1. Looking at (1) at pLDDT 95 or above; (2) surrounded by 15 or more Cβ atoms within 10 Å (Cβ to Cβ); (3) over 28 Å from residue 164 (Cα atoms), which is the only condition residue 18 fails?
2. If I ask for residues that are in a helix (DSSP H, G or I), in contact (Cβ under 8 Å) with a residue 40 or more places away in the chain and under 25 Å from residue 145 (Cα atoms), which ones from segment 160-195 would you list?
3. Output yes when any residue across segment 217-240 is more than 16 Å from the ligand (Cβ to nearest atom), part of a loop (DSSP other than H, G, I, E, B) and touching a residue at least 40 places away in the same chain (Cβ under 8 Å), and no when none is.
4. Considering each residue of segment 328-340, count those that are surrounded by fewer than 19 Cβ atoms within 10 Å (Cβ to Cβ) and either within 22 Å of residue 234 (Cα to Cα) or within 13 Å of the ligand (Cβ to nearest atom) (or both), and give that number.
5. I need the full set of residues from segment 124-152 which are in a helix (DSSP H, G or I) and closer than 24 Å to residue 201 by Cβ, in order please.
6. How many of the residues making up segment 279-290 are assigned to a helix (DSSP H, G or I) and either within 16 Å of the ligand (Cβ to nearest atom) or surrounded by 15 or more Cβ atoms within 10 Å (Cβ to Cβ) (or both)?
7. For segment 1-117, give me every one of the helices (runs of 4 or more DSSP H) that falls completely inside it and has 2 or more residues that are out of contact with any strand residue (DSSP E or B) (no Cβ under 6 Å at 6 or more places or on another chain) and over 26 Å from residue 319 (Cα atoms).
8. For segment 265-278, state whether one or more residues are at pLDDT 95 or above, within 22 Å of residue 52 (Cβ to Cβ) and within 16 Å of the ligand (Cβ to nearest atom).
Ligand code: GTR
C-alpha cells in the first residue's frame with residue numbers, strides 16, 4: 001500500500017518527467033505497416049499473411065514480448081469442482097485445473113468457467129486474464145465485481161471464464177519465474193526470452209486448448225479480454241494465437257495499444273524500470289530510444305486482423321495515452337482494409353461515453369479512471385452480439 005501511495009504521488013508531481021502536454025509531442029514517423037523489410041509494398045491479404053504478418057510477429061518476439069514457446073510434453077484438464085446450479089440455476093460452474101508439464105516441471109492454471117444453463121448448442125465465450133484480486137473472479141460469487149460481471153455475461157447468453165495471472169507468472173520482479181517459466185528456464189537468460197507478459201499470454205492459449213475439448217464451448221467464438229497489464233497480454237495472446245476469434249484490450253496503454261513513438265504518458269523507459277520482469281530483456285534497448293524501435297503498437301493491433309478488436313480508454317487515464325491509443329487503432333485499419341473490412345471509426349477520437357461498437361474495430365473512451373467496469377463489458381457484449389450473432 002505504502003509503495004502504491006508513493007508511486008501515485010510520484011505520478012502526480014510528475015517526478016518521472018512524463019509528458020502530458022500535446023504541444024510537447026515531438027514529430028515522429030511510425031514504421032510502415034505495409035512495407036516489408038525488403039521494401040515490398042504489401043497490397044494483398046496473401047502478401048500480408050505470407051510476408052508481412054510473420055515479419056511483424058518476429059519483430060515483436062525479438063524486441064518486445066520475447067519468443068512464445070509452443071512445445072510442452074503434456075497437458076491435462078481436470079474438473080476439480082462443479083455446480084450445476086450456480087447463479088440461482090442460471091449457470092453451470094466448472095473449476096478446471098489445466099496442468100501443463102515440460103522439462104519435468106508442471107504449471108497449474110486454475111480456470112473458473114460459468115456456462116449458461118440449458119444450452120442447446122456450444123456457446124461463445126469470454127476469457128478474462130485477471131490481473132486484479134482473485135476475489136474479482138470468485139467461483140462462489142461472494143464478491144460481485146464490475147471487473148468481471150459474470151452474471152451479466154450469462155444473462156447475455158455467453159460462457160464467461162477467467163484465470164488469475166499469477167498462476168502463470170507472479171507479478172513480481174523476484175518471483176515471476178515461478179510459473180510457466182519453470183517449464184522454459186532457457187527463456188530467462190535469452191535476450192528475446194519471454195517474461196511475465198509472455199507467460200500470461202501463453203496461459204490464455206492453454207485455456208484455448210481446454211476450450212477446444214469442452215463440448216459446452218464453441219471454441220471458434222472465444223474472445224480474450226484483458227485490462228491494463230492484462231490488456232497487453234490479451235493483445236499478445238490474440239496476435240500469437242489466431243484461434244482467438246476476438247480481442248478486447250482495455251486501458252492497455254504503453255506496450256499495449258498505445259503508440260510508443262509519441263512519448264506521451266508512460267514511456268518505455270518508465271515501464272521497463274517499474275516492471276523489469278514484464279518484457280524481453282531486448283526491450284530495454286529502447287529505453288529513451290523510441291526512435292530506434294523497428295515497430296510500434298499499431299502493428300500489434302494489426303496482427304489481430306481480420307478478427308474484431310475492441311480497444312478502450314478512460315477519460316482520466318492520461319498515463320495510458322488515449323489519443324495515442326486511438327491513433328494506433330486508426331493505423332491498424334489499413335490491414336483490415338486489405339481484408340475488405342471497413343471500419344466505422346471516425347477520424348478524430350470519439351467523445352467520452354460515445355462507443356463505436358461495429359466490427360471489425362471498436363473503440364470507446366469511458367468517463368472516469370483507469371479500470372474495467374460493467375459499462376465496458378456491456379459494450380464488449382454488443383460487439384460480440386454483432387459479430388457472432390445474438391443468441392437466445
Ligand atoms: C501501471 C503501468 C501500466 C499498467 C497499469 C496496470 O503501473 O504503468 O502500464 O499496466 O499499471 O496494469 O494497471
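The values are calculated or read from the model by the stated rules, or taken from the named source; none is laboratory data. On a predicted model such as this, the values are computed, not experimentally measured, just so you know. Neighbour counts are summed over all protein chains in view; Cβ atoms, including those assigned to glycine, are modelled from backbone coordinates with ideal geometry.
1. It fails just one condition, (1).
2. Once the filter is applied, which keeps residues that are in a helix (DSSP H, G or I), in contact (Cβ under 8 Å) with a residue 40 or more places away in the chain and under 25 Å from residue 145 (Cα atoms), segment 160-195 yields 165, 167.
3. No.
4. 1
5. Result: 134, 135, 136, 137, 150.
6. Going through segment 279-290 one residue at a time, the tally reaches 6.
7. Qualifying helices (runs of 4 or more DSSP H): 53-60, 86-89.
8. Looking for residues that are at pLDDT 95 or above, within 22 Å of residue 52 (Cβ to Cβ) and within 16 Å of the ligand (Cβ to nearest atom), one finds none in segment 265-278, hence no.
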